[in-house]
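This report concerns only the one structure given below.
The values are calculated or read from the model by the stated rules, or taken from the named source; none is laboratory data. These numbers come from a predicted model, not from an experiment. Don't worry about glycine lacking a Cβ; one is built from the backbone with ideal geometry, like all the others, and counts go over all protein chains shown.
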Ligand code: 2AM
Ligand code: CA
Ligand code: CA
Ligand code: CA
């Protein structure tokens with residue numbers, strides 16, 4: 001994508017993200033309309049749907065030849081990333097939205113022919129926008145994020161992961177993940193994959209691991225993390241397809257090999 005097109009799409013996407021965020025803040029105290037999806041803890045609200053519909057209507061109205069990949073059903077049924085694709089999670093961290101009324105984000109990415117061009121992650125209640133354009137660095141609001149520490153010591157790692165990793169799970173033996181938790185300095189669980197990606201880009205977390213994420217959970221984060229020198233793969237070290245769900249590891253490259261080799265590969269089921 002040329003710079004002129006990228007800048008134009010970035011400015012438009014950013015305007016819509018900020019407008020959607022203002023709408024959510026305006027209605028944050030309204031009564032919630034909550035449904036469940038795959039299980040009793042997998043929540044969706046009317047605000048998830050309203051926000052996604054806002055993006056879909058605006059994108060389809062202005063860019064009818066672009067495609068949309070999104071969580072709540074207002075996007076397209078895609079089997080390729082050809083052309084310009086907007087990958088959107090209208091509310092990432094719905095459980096936080098419902099229970100805390102904070103700590104959730106709008107995640108919006110624009111890819112062209114599979115290449116991540118634009119990433120926006122908006123922490124709505126804090127009014128903090130993480131933003132990146134391919135090859136142009138990443139920003140937190142208007143402040144540039146610094147490149148990740150190339151010599152991160154494993155003993156000083158602060159790492160994002162869901163507590164499910166420490167229970168019996170189908171991917172990695174829990175005793176290996178428990179050893180990992182003991183070996184690093186600390187672990188954190190924020191409950192929004194998009195925000196956890198943003199924190200990895202910022203160096204606030206040195207990595208984030210998740211068992212099963214969809215393209216809209218990771219697409220914007222991957223663009224932003226890459227701009228500060230982070231890498232994103234699945235737990236087998238392979239590239240994500242962005243058309244299917246997968247396990248996800250986004251991480252400072254200086255700890256990637258040890259994490260994969262000493263804990264995940266040896267514990268892999
Ligand atoms: P969501 O809030 O958009 O559903 C929670 O640990 C993180 O995992 C959130 O980013 C959440 O996104 C994501 N997630 C992906 N699949 C999920 C599921 N089936 N149930 C709950 N959270 C899920
Ligand atoms: Ca969801
Ligand atoms: Ca999500
Ligand atoms: Ca969501």
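Here the condition is being within 21 Å of residue 116 (Cβ to Cβ), surrounded by 12 or more Cβ atoms within 10 Å (Cβ to Cβ) and touching a strand residue (DSSP E or B) at 6+ places or on another chain (Cβ under 6 Å); of 18, 32, 9, it holds for 9 alone.
Listed here are the strands (runs of 3 or more DSSP E) enclosed by region 53-122 that have at least 3 residues being within 16 Å of ligand 4 (Cβ to nearest atom), modelled with pLDDT of 95 or more and within 13 Å of the chain's Cα centre (by Cα): 84-92, 105-112.
Among the residues of region 184-201, those identified as in contact with a helix residue (DSSP H, G or I) (Cβ under 9 Å, 6 or more places away or on another chain) and exposed (fewer than 15 other Cβ atoms within 10 Å of the Cβ) are 185, 188, 189.
Please pick out the residue among 217, 151, 183, 206 that is within 27 Å of residue 24 (Cα to Cα) and in contact (Cβ under 8 Å) with a residue 24 or more places away in the chain.
From the options 217, 151, 183, 206, the qualifying one is 217.
Let's see how each residue does on (1) within 16 Å of ligand 3 (Cβ to nearest atom); (2) over 26 Å from residue 254 (Cβ atoms); (3) out of contact with any helix residue (DSSP H, G or I) (no Cβ under 8 Å at 6 or more places or on another chain); (4) in contact (Cβ under 8 Å) with a residue 12 or more places away in the chain:
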{"position": "48", "(1), (2), (3), (4)": "yes, yes, no, yes"}
{"position": "53", "(1), (2), (3), (4)": "no, yes, yes, yes"}
{"position": "62", "(1), (2), (3), (4)": "no, yes, no, yes"}
{"position": "81", "(1), (2), (3), (4)": "no, yes, yes, yes"}
{"position": "87", "(1), (2), (3), (4)": "yes, yes, no, yes"}
{"position": "103", "(1), (2), (3), (4)": "yes, yes, no, yes"}
{"position": "108", "(1), (2), (3), (4)": "yes, yes, no, yes"}
{"position": "142", "(1), (2), (3), (4)": "no, yes, yes, no"}
{"position": "155", "(1), (2), (3), (4)": "no, no, no, yes"}
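Being in a helix (DSSP H, G or I) and within 15 Å of ligand 2 (Cβ to nearest atom) is the filter here, so list the residues in region 197-216 that pass it. Within region 197-216, 215, 216 qualify.
Listed here are the residues, each with its yes/no results for (1) over 17 Å from the mean Cα position of the chain (by Cα); (2) surrounded by fewer than 24 Cβ atoms within 10 Å (Cβ to Cβ); (3) part of a strand (DSSP E or B).
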{"position": "129", "(1), (2), (3)": "no, yes, yes"}
{"position": "135", "(1), (2), (3)": "yes, yes, no"}
{"position": "146", "(1), (2), (3)": "yes, yes, no"}
{"position": "169", "(1), (2), (3)": "yes, yes, no"}
{"position": "218", "(1), (2), (3)": "no, no, no"}
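Taken over region 68-89, residues that are within 16 Å of ligand 2 (Cβ to nearest atom) and over 23 Å from residue 122 (Cβ atoms) amount to 0.
The residues on offer are 266, 225, 181, and the sole one that is within 13 Å of residue 148 (Cβ to Cβ), in contact with a helix residue (DSSP H, G or I) (Cβ under 8 Å, 6 or more places away or on another chain) and assigned to a helix (DSSP H, G or I) is 225. If you go through region 35-52 and keep only what is surrounded by 14 or more Cβ atoms within 10 Å (Cβ to Cβ) and either in a helix (DSSP H, G or I) or more than 15 Å from ligand 4 (Cβ to nearest atom) (or both), you end up with 46, 47, 48, 49, 50, 51, 52.
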